[in-house]
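**Q** Attaching a single structure in structure tokens format; questions to follow.
Read the figures in this text as sums done on the coordinates, not as results from a lab. For clarity, every value in this text was computed on a predicted model and none was experimentally measured. Positions of Cβ are generated from backbone atoms using ideal geometry, with glycine treated the same way; all protein chains shown enter the neighbour counts.
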Amino acid sequence: MKICHFIASSLFGGAEKVVINLCNEMSKDNEVVLITFDKYENLKNISSDVSVYTFKEFKRYNIFALLKLLKLINKIDPDIINSHGAKATRIIYNIQNRINCPFVGTKHNARRGKIFNKINNIISVSNDSKKSVLSKNVKVIYNGVEPIEVISSIKNEIFTILAVGRLDKIKGFDKLIESCGRLKFPFLLEIVGDGKEKSYLEELILKYNLEDSVKLLGFREDIPQIMKNAHLVVTSSYSEGFSLVMVESLFYANLFISTKVSGATEILDDRFLFDIKDMGSKIEDIYQNYDIYKKLFKNLQDKVKKKLLLSNIALEYIDLYQKILEEKK
């Protein structure tokens, strides 16, 4: 099968990483093409088996850019196109009548995306995301990872809290810093990621005199090892689709907790969920009862790991593609 993935983003975050992971996995048994607005330097982890075409970012109704994209797609001549996100899906929808294959759009969050109410085939990364679409023709497929080996013997001596994500207001890192600033025990908070909120977060760290306790690590590629070294991984987001950080934590972290966002409420039980206003007290409780929480989380990891393996997730995508192609016949 020749599969074309399209993501209209010039930012590299969780959704983009998910797409690259899917391309790499699918390319083991299929011919895979990725079309993206992203930069080549953000695609260094893409498999050499994946053909990559990059476009300069354009608006979804730019007729000249749409015609250029249409020409490329028809030259590639895929069996199916999988668009990722609302913008990419709108772009493909605009030219679908001149493309010789079906397409499916993947909705990566639970926010409103009206375009998904107009297309025939939809993948949603969570049940919450599915509820945001009026169509009943929605297949829920979670995000997954291909686990790697990490060293388990290294661990930071001081109680280390880790957060990972784009430095954006929606991630709630400001509230995490404020909550940690009120903790009654020694800690180290490490935040991995880059983004427009960096300067503001640096100001908060100075405001609360947390220069020795809170570190902004920037972009890192050794996240699995950093997770393994930390005592606790925290997602403090106001909104998520199906957090790749959560999936990675289920494979690598000693313990993970999250706000009650989409995806997390479907995988975690209440012991690992919290309201953002209660974040500090939740972390305090975990510190006081760490071994109990860690054992409970280990039991959860053992239950859910298999269904979040990237190989199994990719097979769900392929199965859906095949059904769509059969229906076309």
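**Q** Search the structure for amide H atoms under 5 Å from the amide H of residue 106, placed 1.01 Å from N in the peptide plane, and list their residues when 5 or more places away or on another chain.
**A** Residues meeting the amide H criterion: 83, 84, 85, 123.
**Q** Amide H neighbours of residue 190 under 5 Å, at least 5 residues apart or on other chains, H built in the peptide plane: list them.
**A** 161, 162, 163, 215
**Q** Here is a further query. Order of 103-114, 240-251, 71-82 by packing, highest average Cβ count within 10 Å first?
**A** Final packing ranking: 240-251, 103-114, 71-82.
**Q** Moving to a separate point now. Stretched out fully, how many nm does the piece from residue 117 to residue 304 gain, at 0.36 nm a residue minus the Cα gap?
**A** Numbers: separation 187, 0.36 × 187 = 67.32 nm, distance 3.07 nm.
Value of the extension gain: 64.2 nm.
**Q** Give the residues of segment 155-178 whose amide nitrogen is closer than 14 Å to a point set 7 Å from the Cα of residue 208 in the direction of its Cβ.
**A** So the set is 161-163, 172-178.
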